[in-house]
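Below: one structure, written as structure tokens.
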Amino acid sequence: MSGPADADPLPRSRRRGRLPVASLLLLSSCLHRDPGTQHPTRPLAPLLTDAGPHVRSVVAKADAHRLQILISEVVEQSGRPAHLRSMGFRVGAEYFYPASSIKLCAAVAALQEVERLEREHGITGLVDAPLEIAPLFPGDSAQSFDPEPPATRPITVAREVRKLALVSDNRAFNRLYDLVGHEGLNRSMHALGLSSVVINHRLSDPRDIPDPTASAAVVFRRPEGSGSGEAGSHAVAIPARTSPWRLNNSGPRLQVGMAYLRSRRTTATAAPGAEPAIETVPEPMDFSTRNGISLVDLQHLLVKLVRPDIPLPGAALDLSEDHRRLLVDALTRYPRESSEPRYSATEFPDEYCKFLLSGVRRILPDTRPGHRVEITGKIGRAYGFTIENSCLRNPANGRTVFVTAAIYTNDDGVLNDDRYEYEAIADPFMADLGEWVTRRWLHR
């Protein structure tokens, strides 16, 4: 079970029905983001010797796998604030592509934006208000309902947040990107002290967007019982925006792989609906302008959300308790447990967005709500990178540990060829890591 993945920017014939994502422009005026919040950690390597064989084999080739692991145990002592005891392995050693794990930033920023708009307009309940996303460029279509079953469901922030968290829905991320905007997304994360965050593009968007940093106009419809004004009238109208921000990642190893495939339109393929030709570029892929975040900042955002009582560098996450619980609940539930939207357990098994789960269940197999280990987090997978960012809590003893890890698996060194060793290396590694963490920190 390899879980969800963001599509690499290749034609539908090579990417199981997905069309190219617009390329990103590197501008000379780009700002280089800080590699990330510094956080004191103890060395994790000595402890990894008793981890499972798949962890040990990856650790032995850690540089080739761009392996990074950050484990933070929550220490709770009577009469003192809870704090983290962190251990790391190669944390910050190089760049990793965050893939869908970056969606946590969009979910948080969208809920922050909802609360800002509610304060500004003196209304409530905006998270459940139907919203309309205007066309972004000529030929684009407006969005107000989900086309997938069940049909005619209006788009709301609450529903998109749940979809993003439960099954890593790419369209949900892209809609929240339009809501908050490129500049707003990055500003909101940097205001939290997460200085390494770079969000420059949508994920697996089938549209060829001329300016990836542009955002469409968004209109909220006033929810029933939201305050003064006639129900059904416009509650909030957000204009289309063009972001002046141009951000670059910084740090080592921003070039990934030895070659990559890309689409090349020729005269023969220029007709509408024709598939672009594929060419091999014999050089590493440059990730300097793609989405990025440090491992520490990725974990710190989750800590700020799940355990706001734990002091961390930067500002605290300012969300209402209702909105915080909405997101935490969606990040914790299995897809089959969601009533809105509903998901099939066959298509979306429990492990779909929880890479550590199969290993956790080797030690603590109880699956009953209230008894099982709670896994709250957001994974990611694309371009050969597999990312885990979760909080694990054993309700039987209250022990809690945050686990954030990145691994790269691409034996042939070619990106976009859809030949990554997710099932052969990454999934067994994550399962063994989940088992080891459970045995060492949760099952005592």
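Here, each number is a calculation from the coordinates, and none is a lab measurement. As the structure is a prediction and not an experimental result, all values here were calculated from the model. Positions of Cβ are backbone-derived with ideal geometry, glycine not excepted, and every protein chain shown enters the neighbour counts.
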Here the gain from full extension of A45 to S57, 0.36 nm per residue of separation minus their alpha-carbon distance, amounts to 3.0 nm
Scan [x] 1.28; [y] 1.01; [z] 0.95 for the value of Rg/Rh (Cα atoms, Kirkwood Rh) calculated from this model and give just the label. [z]
What net charge do the residues around D50 carry, taking every other residue with its C-beta under 12 Å from that of D50, with Lys and Arg at +1 and Asp and Glu at -1? +1
Check the straight Cα-Cα distances from K61 and name the lysines below 27 Å, setting aside those fewer than 8 residues away within the same chain. K354, K378
Net charge (Lys, Arg +1; Asp, Glu -1) of residues whose beta-carbon lies under 13 Å from that of E115, E115 excluded, is -3
Rank E423, E374, E94 by mean-square fluctuation in a GNM of the chain with C-alpha springs under 10 angstrom and give only the top-ranked residue. E423
The ³J(HN,Hα) series, computed from each phi in the stretch 161-174 with the Karplus coefficients 6.51, -1.76 and 1.60 at θ = phi - 60°, rounded to the nearest Hz and given as x for glycine or proline, is 4, 5, 4, 4, 7, 6, 10, 6, 5, 6, 4, 4, 4, 5
Amide hydrogen neighbours beyond the local backbone of I209, cut-off 5 Å, H modeled: A22
If you plug each phi of the stretch 353-361 into the Karplus form 6.51 cos²θ - 1.76 cosθ + 1.60 with θ = phi - 60°, what whole-Hz ³J(HN,Hα) values come out, in order, with x for Gly and Pro? 10, 9, 5, 7, 4, 4, x, 4, 6
Calculated from backbone phi, Karplus (6.51, -1.76, 1.60) coupling profile of the stretch 132-138 in Hz, x at Gly/Pro: 10, 10, 6, x, 8, 8, x
Gain in length, R440 to A237, computed as 0.36 nm per residue apart minus the alpha-carbon separation, to one decimal in nm? 68.0 nm
If the label point sits 7 Å along Cα→Cβ of R153, residues of the stretch 99-118 with amide N under 18 Å come out as 107
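Taking the DSSP beta bridges in the chain as the whole, what percent of them are antiparallel, to the nearest 5?
Details: 49 of 55 bridges.
So the antiparallel bridges amount to about 90 percent of the total.
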Candidates I293, I278, I375: whichever shows maximal mean-square fluctuation once the chain is modelled as a Gaussian network with Cα springs under 10 Å: I278
Built amide H within the under 5 Å cut-off of R290, gap 5+: N249
So what is the 222 nm mean residue ellipticity for the chain from helices alone, if each DSSP H run of at least 4 adds -39500 (n - 2.57) and you divide by all residues, rounding to the nearest 500 deg cm²/dmol? -7000 deg cm²/dmol
Anyone know which of R324, R368, R419 comes out most mobile in the 10 Å Cα GNM of the chain? R368
Which of the peptides 257-264, 425-432 is most tightly packed, and how do the rest follow, judged by the mean count of other Cβ atoms within 10 Å per residue? 425-432, 257-264
Non-local amide H neighbours of D169 (under 5 Å, H modeled in plane, Pro and chain starts lacking H): which ones? L164
Rel. contact order, % - alpha carbon contacts under 8 angstrom, at least six apart, the stretch 12-442: 23
For the residue pair T367 and D286, what label-to-label distance in nm results when each label sits 7 Å from Cα along the Cα-to-beta-carbon direction? 4.8
Report the extension gain between D411 and A64 in nm, rounded to one decimal, defined as 0.36 nm multiplied by the number of residues separating them, less their alpha carbon distance. 124.0 nm
